[in-house]
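Chemist: This structure is in structure tokens; I'll ask about it shortly.
None of the figures in this text is laboratory data; all of them are computed from the coordinates on show. None of these values were measured; they are calculated from a predicted model. All Cβ positions, even for glycine, are placed from backbone atoms using ideal geometry, and neighbour counts span all protein chains on display.
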Amino acid sequence: MGPDDGMRRMAGWACVGLVAMLIAMGYHFGNIRFLPVAAGFAILGGLFLLARPVDQMRSDAIHSGADSRID
């Protein structure tokens, strides 16, 4: 897990925290206007937490499917 992955996960959990806060505020104030904003942060948090990191390409110049037999 690299530094970018850690930052991505931290941002995801921050978005999840904002969703919880906005839902609690909407419940407390009895206002449904918090719902679209909370849904947007829920989608954003899901993207941050569920996104898979891109695999690094091998840089040793060896093709993994190459036949290495010498006849």
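Chemist: Order 10-19, 24-33 from most to least packed using the mean count of other Cβ atoms within 10 Å.
Modeler: Numbers: 10-19: 15.7, 24-33: 10.5.
Top to bottom by mean Cβ count within 10 Å: 10-19, 24-33.
Chemist: Taking θ as phi - 60°, what are the ³J(HN,Hα) couplings along the stretch 41-50 by the Karplus curve (6.51, -1.76, 1.60), each to the nearest whole Hz, with x for Gly and Pro?
Modeler: 5, 5, 5, 4, x, x, 5, 5, 7, 9
Chemist: Residue by residue through the stretch 11-16, which ³J(HN,Hα) values in whole Hz follow from phi under the Karplus form 6.51 cos²θ - 1.76 cosθ + 1.60 (θ = phi - 60°), with glycine and proline marked x?
Modeler: Once rounded to whole Hz, the list reads 5, x, 5, 5, 5, 5.
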